[in-house]
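Worksheet for the structure shown next.
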Amino acid sequence: MIDFSRRRVLRGVLDGGAVTVALPLLNCFLNGNGTAMADGSAMPVRFGTWFWGLGMAKNIFVPKKTGADFDLPEEIAMLAPVRKDINLFTNMQAFRDTEANRCHFTGWVINMTGAAPKNGQNTPGETIDMTVANQIGRTTRFKTLNATATGDPRSTVSYEGLNAPSTAEFSPMNFYTRLFGPDFQDPNAPDFKPNPQTMVRKSVLSGMLDDVKALERDVGPEDRARLDQYLTGLRHIEQQFQQQLTKPEPRAACVAPKAVTREPAAGGDAELYKARHEMLTNLMVMAVACDQTRVFNMNYSAASANTIKAGYEKPHHTTTHEEPVDDKLGYQLNCSWFTRRAMESWAYFVKAFGDMKEGDGRLIDNVLIYAVTDHGFARVHSLDGMPAFTAGRAGGRVKTGVHVATDNATVARLGYTVQRVMGLDIPSWGTRSNNTSKEFGEILV
């Protein structure tokens, strides 16, 4: 009897080059109801981040009720349609210890790296998404995907290292071409034809890898370390080439979207941010459904957001500093208007994953999204009272629909929790006051 496995492939030769072609997703590979593989292994779990700038107003953002069925104050009232798919964490703190509060930078850096930055340009190391991608993102076409609705490719909270930000895609047209252009392999196509150019590139790269390995024997320890880092990058490119030469596994939810033929107008108006965010989100969700990536990032706004409100003279960032708190309402009216627009886009992002079917469930069921901001109360650049969200059930590992009101916990505790959920075997995470080995058990199954 043939021992079929989930990774069984057919091997052959095309134009003198070896080609590996994965078998289709046959019934014998799955369990009885299509929710897992035949050997009991789970459907793939993906990880994403979502970012909005300039925090919130505590008295109209933070629910009074904790646990399930929490209330939705007016600044997050628009989350009602997705409340069952999200968790909200409040009253957290980003501990800077002896480092200065580098406004609009320190807060999100601690969220994403567990450590306070020593300057306003460099992160202390790689961000969470990269850590997770190094574990689950090396077998897909893209190790990570990074997009921003701001129109500025520098709007990113994803870093590969100290001074290595991941450029964010801001053009829906360019994003479409990158994802679904000529190099896209439809996983549901009846025929598979490897791209000969990709085969040539892989062959050339293999020769380069051999040359670098040979060079490693003749250099000192420092250069060897640099070459090892370089080799890691080349190996990932080689894996990407191999992925493009392998027939993709069928994905019922994967349907290449219609080509994007227009760009949203440039500018900082909140309506333009919304349009860009929705277009990029729709492409991102389909890229995940097509298994082009398992790690993704979306920036709704920059940390020092300059979103504009029609008919109002000040952008969001300036408003946080200059608009007085309304005596009757108890918050900054226009500032809250900007935050509400961000929360509307967060709701759209979560719903887009929830609307995508996968197997007998939804894509959101096999995703974990980590959403953070840069401050608590932006008017005073506070690093306390900070909120964050998660969305998705991570393949059944996470409960949703919960409000966790922390007792001034470090934001790194949530970062540690999501990494543990994603399978990282780390005993603790974060530095100094942000170091933690404690998960948020309230959301764990």
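Each value in this text was obtained by applying a stated rule to the coordinates, not by laboratory testing. Note that the structure is a prediction, hence the values are computed from the model and not measured. Reconstructed Cβ throughout: ideal geometry from the backbone, glycine too, with neighbour counts over all protein chains shown.
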Karplus couplings for segment 405-413 from phi (6.51 cos²θ - 1.76 cosθ + 1.60, θ = phi - 60°), rounded to Hz, Gly and Pro as x?
-> 8, 7, 9, 6, 5, 5, 4, 5, 5
In whole Hz, with x marking every Gly and Pro, tabulate ³J(HN,Hα) for segment 313-324 from phi via Karplus 6.51 cos²θ - 1.76 cosθ + 1.60, θ = phi - 60°.
-> 7, 10, x, 3, 4, 4, 4, 4, 8, 9, 7, x
Which aspartates and glutamates, on any chain, are close to LYS357 with Cα under 18 Å apart, when same-chain ones fewer than 8 places away are left out?
-> ASP85, ASP186, GLU249, ASP291, ASP365
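Taking other Cβ within 10 Å of each residue's Cβ, how do MET356, MET286, MET56 sort, fewest first? Walk me through the numbers on the way to the answer.
Numbers: MET356 18, MET286 21, MET56 28.
So the ranking, lowest neighbour count to highest, is MET356, MET286, MET56.
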5 angstrom amide H check on LEU368, placed H, neighbours 5+ away | ARG46, PHE47, GLY48, ALA394
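Under 1.5 on a/c is rounded, so check that first for segment 321-425, then, if it is not, pick prolate when a/b is larger than b/c and oblate when it is not; a ≥ b ≥ c are the square roots of the alpha carbon gyration tensor eigenvalues. Please report the intermediate quantities before stating the final value.
Working: a/c = 3.10, a/b = 1.64, b/c = 1.89.
Oblate shape, in that a/c is at least 1.5 and b/c is the bigger or equal ratio.
Fewest Cβ neighbours within 10 Å first, please rank CYS254, CYS290, CYS103, CYS335 accordingly.
Ranking CYS254, CYS290, CYS103, CYS335 by Cβ neighbours within 10 Å, fewest first, gives CYS103, CYS254, CYS290, CYS335.
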Overall form of segment 287-367 per C-alpha gyration tensor (a/c, 1.5; a/b vs b/c) = prolate
Mind listing the long-range amide H neighbours of GLY385? Cut-off is under 5 Å, sequence gap 5 or more, other chains count too, H placed in the peptide plane at 1.01 Å from N.
-> MET92
Ranked packing of 210-216, 162-168, most packed first, by mean Cβ within 10 Å = 162-168, 210-216
Could you work out how far the C-alpha centroid of segment 310-388 sits from that of segment 138-186, in angstrom?
-> 22
Amide hydrogen neighbours beyond the local backbone of PHE170, cut-off 5 Å, H modeled | THR148
Expected vector for segment 111-121, Karplus 3J(HN,Hα) from phi with 6.51, -1.76, 1.60 and θ = phi - 60°, integer Hz, x for Gly and Pro, equals 4, 9, 10, x, 9, 7, x, 8, 8, x, 10
